[in-house]
Amino acid sequence: MSLQDKMLVKGGSVAALVTPMNADNSIDYDKLTAILNWHAEEGTDGVVVLGTTGESTMINMEDRTKIIQTSVKAVKGTLPIIIGAGSVQASHVIEYSKQALELGADASLVITPYYVKPPQRALVQHFNYIADTVPLPMIVYNCPGRTGVDMKPDTVGLLASHPNIIGIKDATGDISRVELLRKACGDDFALFSGDDETGMEFVKLGGDGVISVTTNVAPAAMHRMLLAVKEGRFQEAADINEQLELLHKRLFYEANPIPVKKAMEIMGKIGPGIRPPLTSLAPEFIPGLQEALKKGKIVF
């Protein structure tokens, strides 16, 4: 099975994985292995390691190497392993992508250059240059709320013709884009939502899945929900999604991954560490987060 086939998975629940850390903010590799194995057991369809949720911008190359090696050792061949490789400079993206390729990852996730607001033609040049340079399948990532630039569907369509660019994570929350992206990119291009709150509708309209924060705490439910949508069991999917709705919202009480790391700490899956400039969840949000975990049948 090709990676493209793997990414067009039936269920389409891909975890935007947290990076477990100890109280001193050192990385807990044993817990990383444990949560990767847990995802494999619970039915998660893939993992994004070292993305925004994984605090990639606060992790150096030495730790990146060990995190990728740990992930590959734990679930290579069981789950597609996608490595966050975004940066403003193409040279840095290429460095991260080469590292991921050499260490055995399956694909990269590359966000649009942030802060500098490149025009659409520059985005095409940027992504094509990286895809020409590193023979690692790439999922491009559009998140204008974080980057200040919105990659339009027609631009993604131009990128879809590159054999190394296999999909997009669209975190606009605009489900009207599914039809536009599918028309521009074709049926073999993987369309992933990056917005849990609208993810079910995104897939119902023809998307392939969700690169999901909620999957960190509810992997089995997210897999079952998205699989049900793909198989046309819409009421079953809606029922599952209803129990997850509070999580979809409250895992964004503060900037991701602050709330999801607190949720996983409450679950006993990870320690309390989170690296500056982020910090622990504000105490006033903890009761609401616990309520969401209870409604989602994560804790009792």
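The values are calculated or read from the model by the stated rules, or taken from the named source; none is laboratory data. Note that the coordinates shown come from a computational prediction; the quantities given were computed from them, not determined experimentally. Using ideal geometry, Cβ is built from the backbone for each residue, glycine included, and neighbour counts are taken over all protein chains shown. Please note that ligands, DNA and RNA were not included when accessible areas were found on the heavy atoms of the full protein model with its side chains. Shrake-Rupley method; radii C 1.70, N 1.55, O 1.52, S 1.80 Å.
Mind telling me which of the residues Gly86, Gly77 ends up being surrounded by fewer than 14 Cβ atoms within 10 Å (Cβ to Cβ), under 15 Å from Val48 (Cα atoms) and under 20 Å from the mean Cα position of the chain (by Cα)?
Numbers: Gly86 fails: surrounded by fewer than 14 Cβ atoms within 10 Å (Cβ to Cβ).
The conditions single out Gly77.
Quickly run through segment 152-198 and pick out the residues that are of a type in the set (D, E, K, R) and either in contact with a Cys (Cβ under 9 Å, 6 or more places away or on another chain) or more than 22 Å from Met225 (Cβ to Cβ) (or both).
Our first condition is that a residue be of a type in the set (D, E, K, R); within segment 152-198, this holds for 152, 154, 169-170, 174, 177, 179, 182-183, 187-188, 195-197.
Residues satisfying the conditions are Lys152, Asp154, Lys169, Asp170, Lys183, Asp187, Asp188.
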Top-ranked residue in segment 131-146 [being open to solvent by 10 Å² or more (accessible area, probe 1.4 Å) and either part of a loop (DSSP other than H, G, I, E, B) or in contact with a strand residue (DSSP E or B) (Cβ under 8 Å, 6 or more places away or on another chain) (or both); ranked as nearest to Glu254 (Cα to Cα)]:
Arg146
When you look at Gly186, is it of a type outside the set (A, V, I, L, M, F, W, C), within 19 Å of Gln235 (Cα to Cα) and touching a residue at least 12 places away in the same chain (Cβ under 8 Å), yes or no?
no
Return only the number of the condition from (1) within 19 Å of Ile82 (Cβ to Cβ); (2) basic (Lys, Arg); (3) at pLDDT 95 or above that Arg146 does not satisfy.
(3)
Given the conditions (1) closer than 20 Å to Pro118 by Cβ; (2) within 19 Å of the chain's Cα centre (by Cα); (3) open to solvent by 10 Å² or more (accessible area, probe 1.4 Å), report the number of the one that Gly206 does not fulfil.
(1)
Out of Thr52, Thr57, sole residue that is under 16 Å from the mean Cα position of the chain (by Cα), under 20 Å from Leu278 (Cα atoms) and open to solvent by 70 Å² or more (accessible area, probe 1.4 Å):
Thr57
Tell me whether segment 235-245 contains one or more residues that are within 14 Å of Val18 (Cβ to Cβ), in a helix (DSSP H, G or I) and open to solvent by 10 Å² or more (accessible area, probe 1.4 Å).
no
